[in-house]
1. Of the options C:102, C:286, C:187, report the single residue whose Cα projects farthest towards the positive end of the charge dipole of region C:35-365 (beta-carbon charges: Lys, Arg +1; Asp, Glu -1).
2. Calculate the mean, over all residues of peptide C:226-236, of how many other protein chain Cβ atoms lie within 10 angstrom of the residue's Cβ.
3. Hey, got the average number of other protein chain Cβ atoms within 10 angstrom for residues in A:94-104?
4. Under unit Cβ charges (Lys, Arg +1; Asp, Glu -1), what dipole magnitude, rounded to 20 debye, does region C:35-365 have relative to its Cα centre?
5. Just want the answer: with Cβ charges of +1 for Lys and Arg and -1 for Asp and Glu, which residue in B:382, C:77, C:350 is farthest toward the dipole's positive end in the protein assembly as shown?
6. For region C:97-230, with all protein chains present and a 1.4 Å probe, just round the carbon and sulfur fraction of the accessible area to a whole percent.
7. Calculate the all-directions average of the projected area of chain A's alpha-carbon convex hull, and give it in nm².
8. Using a 10 Å cut-off on Cβ to Cβ distances, tally the other chain neighbours for every residue of C:71-79 and report the average as a whole number.
Amino acid sequence: MTSSGNSVPRRKWLLRVLCGAVGVTAAVIAYPVLAFLRPRRTGGALGVEMLAPYRVDQLTLDADGHWPAPFDFGGKPCILIKKTDGTVKAFNAVCTHLDCTVEFRAPRRDIFCNCHNGVFDENGRNVSGPPPRPLEEYKVTLRGESGREEIIVSRD
Amino acid sequence: MKTPSAFILTFVATVAAAARLVAQDTAEPVAPQDSSCVQCHGESAIWDADKRSHFVTEADLAADIHWQKGIHCHDCHGGDPTSLNFRGAHSADAGYRVIESPKDIPRFCGHCHSDVEYMSRYQPSPKTNQEAEYWTSGHGRRLEQSPTADVAMCTSCHGRHGIRAVDDLESPVYPTNVANTCATCHADAEKMAGVQHHGRPMGHDQFEEWSSSVHADALLNKGDLSAPTCNDCHGNHGTVAPDPAAVSSACASCHVKIGTLFDQTVMKHRFEQANLPGCATCHGNHAIHHPTDEMLGMSAGAVCSKCHEAGQHGASLAGAVEAKALRVALEELKQQIAIAAGKLDRAQRMGMEVRTARFHLRDAQDALANARVEIHSFATEPVKKVLDQGLAVTEQVNAKAEDAFREHSFRRIWLAASLVPIGLVIVLLLLYIRTLPPPTVEPLEHGSRAAGA
Amino acid sequence: MSHATEDDAPATGRNGRVREFFTERFGLGTLLELGEKKRVPIHRTTPFYFLGGMALFLVVVQAASGVMLSLYYKPSPDQAFESVQAIMTEVDFGWLLRSVHAWGGTLLIAVLILHLLTTYMMRAYRRPREFTWVTGILLLGLFMAFGFSGYLLPWNQLAFFATRVGTAIVGAVPLVGDELLVWARGGENVTGDTLARFYALHVAVFPLLAIGLLGVHLFLVQKHGMSVPDAATNLHGNRVPSMPFVPHFLLRDAVGWYLALAVLALLAAVFPWELGEKAEPFGSAPEGIKPEWYFLFMFQALRELPAHFLGMEGEMLGVLFFGFCGFVVLLIPFLDRGTRTRRVLNGLAVVSVVFVIAMSIWGFLE
């Protein structure tokens, strides 16, 4: 098998191909590793803190008269409201009565549950109808240029 | 003394009272507990069976909201609390208010409770129309006609001496207790025998029916005090069975959106014409169970078919067709939601990202709930609009689920494919090894002591 | 020759210059010499030598994947499960790293057990290699502890209750059992303190111990060289054929590594590791709670013991018995004194292996 005549160049060639193949496997391993190490954009998975999909200036009624829809905050719908004095508040949009999703009625400055006419005020307190408890409130931090701030919602 | 027993009564009471008074320092004013009323009325031995109602225990008084507020025997009953003499204590001159029959009681209570100025001493903005309301009620009207009728009046529900505040958990009129209080008469076959309502027997099954309802479950099992019990639909004091036309207003006091939708329908008009009781026509009046989708449509268990099958009360064939179509559309969304949820479950079990999709699916479930509300407009268009929104969501969710499956397959294929370069390396290594010069036989430099033992 | 010279360098000049650069500064001369001089005996059971290298390869894989996972994992009860979920669903290739780390642990223990059995069969523990064996057994125990502590970290139902059961067994040790239990759990019950404790052990304490023990183990292997089994010495006497470590054995070792990698990739692809459900400490234990497969035999055996035996608690006896067995295994090099003792040990080994396999299968089927 090993006639020294053509075994050495064969060996060298084999070695080169081998190194190439090893390089390929190294790349196949390196690619996922590097992709893994790159930080990810979303942080809302844990429901602990996330950047809301709306900025402060986007918290208005749209052309159809709809307020921005609730977004996913750790698996629960979260609504953002703007109080009369302009303060932004974030609440768990699940009604404390029978778990329907509440909506913010901007003209009336209240939060309304369609199912059994539960009404919460702009501080989340249950003021009328069946709901037995106020809405769960989340902490809001504003960041960025005034008037167009980003809204960061966090559990505490 | 009219009877020997009355004589004995007075004698014993006087001796007992005198004994008590002698034991005290008579210079002190008479404390309520030691007023002459209690001397007699607090002695259990005196009162035999037919006069048992005159026996008042200290426990009763301690629990009574009036007693706690400092309102004592003579404040309600009048009379002279310092007199040990039967006649003196109960004299009309001393303001003693006689209760000759049950009919006297509403006025007796109303003496204070209808007096705004008096009640304002205990509550700002008091309600003082209870008595007036009562006389308009079914109970009140009967009592008006026959003063000794065995019908509900103030003390039947609120009690006589141990009257608790309404927000006291043990009060017979605390929301969770109301139904039981009403049932003491209204679930009693004997008492209800012969009682008529609009020409038909009233019956005694309302409590049983209500107890099986979704409202009873919410109130008693889930602790939802906003859920309706008897008085929420029938009224507190002006208790009546609502007119058929007024039923939907009663329901709409909580189910506002549905009420508004229903008000604008032809159905409401037809129901009124036929003297059908609005919402209760389909949902029942007391045994209101959780509505099911089976109620909609023209199949056997559906409520629509009750009229639309035979064309009763002006029910049209077109309506029947619409009912069927609505049911089919509803079932379709339900099915799509189930399919989408099933796909998400599968994806999740595989370890794929499904949370955003699941959150999105909520919108479809919301749409389903909204559609069930919209049905009360009894028109296909608004319902279909809502259902279509739901279907759009399920379509998107299904697409996301399919993406997840594709990603999963891709991962497996990719991973299995990575075996190719690995296998290639192994093959190449083996080939390369074969090209190496064969090993020589050499004594081991170290480790030869391994051959020991 | 005491230091490497140009003559020893391979043909290409650039390599040689690089070598000399590092040799001059780091004194790598002796290491390189060692590498070049080291030889590996060739005989029928030579392939078994690969197992040690494969185990080392898997240890490196575990360390690397573990470090990467630790960049995203959060060791607190209200974040552990969610962070693992995030790794599996949000981080690019997080699912891959997680499956590799989970399967890698299992594969490592499997390879270590094979390594143990083959070294036992080849009697590689004989003088002067007794402490190679001792450190090896300690390493096996350490890696099983790695597995046990790591198992809790995802904080899912299975992990939580398996840990609860597993740590409860510690309490069966006589005299110090209760104290040991509290130490192991970081409290009376399995809580966030347990999680923190296990995490610290898994990422800091055990790795340091592993580095130390492995260092000694590998040093001893280099010092004493590869042992030769009786069969080979009987055949060849003192002139056992051997091959140079570099490149002959090393390349074969590399095949072993790549094989291990292939098996790992296959397992991770075809049987991805499940996320499970988040642990509910106050709920009831789900059905079919089992520890990892390498603890199954102990778990099943302890379950089947009678509650009381000869006036003592059955579980305590079981724990003591296994402890005793472990101690015996540790001392095998000193117990093997001749053909007779060897036969006894062989008999015990066969019985033990059969017992372990049977109990494991039984425990799995329960």
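The values are calculated or read from the model by the stated rules, or taken from the named source; none is laboratory data. Note that this is a predicted model, so its numbers are computed, not measured. Note: ideal-geometry Cβ built from the backbone for every residue, glycine included; neighbour counts use all protein chains shown. For accessibility, only protein heavy atoms count, side chains too; no ligands or nucleic acids. Shrake-Rupley method; radii C 1.70, N 1.55, O 1.52, S 1.80 Å.
1. C:102
2. Average per residue, whole number: 3.
3. Mean inter-chain Cβ contacts per residue within 10 Å come to 1.
4. With Lys and Arg at +1 and Asp and Glu at -1, about 1960 debye.
5. The Cα lying farthest towards the positive end belongs to C:350.
6. Ligands and nucleic acids excluded, carbon and sulfur give 75 percent.
7. The directionally averaged projection comes out at 16.8 nm².
8. Averaged over the peptide's residues, the number is 2.
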